[in-house]
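Undergrad: The structure follows.
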Amino acid sequence: MFNIGDLVVHPMHGAGVIDDIVREKVTGSEKEYYVFKMPMGGLILKIPTANSQAIGIRSIISPDEAEAFFDGIPGLEVEVNANWNKRYQENLTRLKSGDLNEVARVVKGLMRRESRRSLSTGERKMLHSAKQIIISEIVLVEGSAYQDVEARLDRAVMQPARREKEKV
């Protein structure tokens, strides 16, 4: 259970704060909701407290975890399916997972694809959403400026993977 003031991440919307916990009557029964507020964009959601774990609501990562996340991005492997529909569905599943590395895989795959050819409108929107999810969390974790985090993400995604030295 989260408390008012906790910094959390919604898998499809990004990071924000639990602004309030309210009880409301919906379809004849009273339920408790987290009032989730995103500092970036001002989005406000009401999330049923009973379903928050199933939805994938989680606490934001620590500054050390953020550093390790950025260090690991160049080494993330990305499989790119040639079939647009299948690729889109795989990426959507990654986004819904709420796992920051899976979201980074979406960003990396789409940015690399975009560097070779243009993205469809749907994939361009998905790339934007995936970047927002990552950036919103890192901004809250580090207190950095949005543009600085976006530039750092772009550099990490486009950086080639470091190869381990072969043992002789």
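Undergrad: For Glu150, work out the one condition from (1) surrounded by 15 or more Cβ atoms within 10 Å (Cβ to Cβ); (2) within 29 Å of Pro39 (Cα to Cα); (3) over 16 Å from the mean Cα position of the chain (by Cα) it doesn't fulfil.
TA: It fails just one condition, (3).
Undergrad: Okay, moving on. Within segment 56-87, how many residues are open to solvent by 60 Å² or more (accessible area, probe 1.4 Å) and more than 28 Å from Met1 (Cβ to Cβ)?
TA: Residues in segment 56-87 being open to solvent by 60 Å² or more (accessible area, probe 1.4 Å) and more than 28 Å from Met1 (Cβ to Cβ): 10 in total.
Undergrad: Filter segment 1-31 down to the residues that are open to solvent by 60 Å² or more (accessible area, probe 1.4 Å) and touching a helix residue (DSSP H, G or I) at 6+ places or on another chain (Cβ under 9 Å), then identify the one that is modelled with the highest pLDDT.
TA: Leu7
Undergrad: Can we say Ile133 is open to solvent by less than 60 Å² (accessible area, probe 1.4 Å) and either touching a His at 6+ places or on another chain (Cβ under 8 Å) or among the small types (Gly, Ala, Ser) (or both)?
TA: Details: open to solvent by less than 60 Å² (accessible area, probe 1.4 Å): yes; either touching a His at 6+ places or on another chain (Cβ under 8 Å) or among the small types (Gly, Ala, Ser) (or both): yes.
Here the answer is yes, as Ile133 does meet what is asked.
Undergrad: Moving to a separate point now. Identify the residue in segment 99-113 that is within 10 Å of the chain's Cα centre (by Cα) and surrounded by fewer than 17 Cβ atoms within 10 Å (Cβ to Cβ) and, among all such residues, is modelled with the lowest pLDDT. Don't jump to the end; show me each part of the working.
TA: Initially, segment 99-113 is screened for residues within 10 Å of the chain's Cα centre (by Cα), giving 99-104, 106-107.
Still in the running and surrounded by fewer than 17 Cβ atoms within 10 Å (Cβ to Cβ): 99, 101.
On the way: Asp99: 92, Asn101: 95.
By that ranking, first place goes to Asp99.
Undergrad: If you check Pro39 against the conditions, is it in contact with a strand residue (DSSP E or B) (Cβ under 9 Å, 6 or more places away or on another chain), of a type outside the set (Val, Ile, Thr), within 15 Å of Ser136 (Cβ to Cβ) and surrounded by 12 or more Cβ atoms within 10 Å (Cβ to Cβ)?
TA: Details: in contact with a strand residue (DSSP E or B) (Cβ under 9 Å, 6 or more places away or on another chain): yes; of a type outside the set (Val, Ile, Thr): yes; within 15 Å of Ser136 (Cβ to Cβ): yes; surrounded by 12 or more Cβ atoms within 10 Å (Cβ to Cβ): yes.
It is true that Pro39 is in contact with a strand residue (DSSP E or B) (Cβ under 9 Å, 6 or more places away or on another chain), of a type outside the set (Val, Ile, Thr), within 15 Å of Ser136 (Cβ to Cβ) and surrounded by 12 or more Cβ atoms within 10 Å (Cβ to Cβ).
Undergrad: Met111 - would you say it is out of contact with any Ser or Thr (no Cβ under 6 Å at 6 or more places or on another chain), closer than 23 Å to Trp84 by Cα and touching a residue at least 40 places away in the same chain (Cβ under 8 Å)? Before the answer, list the steps.
TA: On the way: out of contact with any Ser or Thr (no Cβ under 6 Å at 6 or more places or on another chain): yes; closer than 23 Å to Trp84 by Cα: yes; touching a residue at least 40 places away in the same chain (Cβ under 8 Å): yes.
Spelling it out, Met111 is indeed out of contact with any Ser or Thr (no Cβ under 6 Å at 6 or more places or on another chain), closer than 23 Å to Trp84 by Cα and touching a residue at least 40 places away in the same chain (Cβ under 8 Å).
Undergrad: Which residue pairs have Cβ atoms under 8 Å apart, sit 6 or more places apart or on different chains, and have a first residue in segment 1-15 that is on the phi < 0 side of the Ramachandran plot and a second that is surrounded by fewer than 16 Cβ atoms within 10 Å (Cβ to Cβ) and basic (Lys, Arg)?
TA: Listed pairs, sorted by first residue: Pro11/Lys96; Met12/Lys96.
The values are calculated or read from the model by the stated rules, or taken from the named source; none is laboratory data. Since the model is a prediction, treat every value here as computed from it, not as a measurement. Because the Cβ atoms are built from the backbone with ideal geometry, glycine has one as well, and the counts that use them run over all protein chains shown. For accessibility, only protein heavy atoms count, side chains too; no ligands or nucleic acids. Shrake-Rupley method; radii C 1.70, N 1.55, O 1.52, S 1.80 Å.
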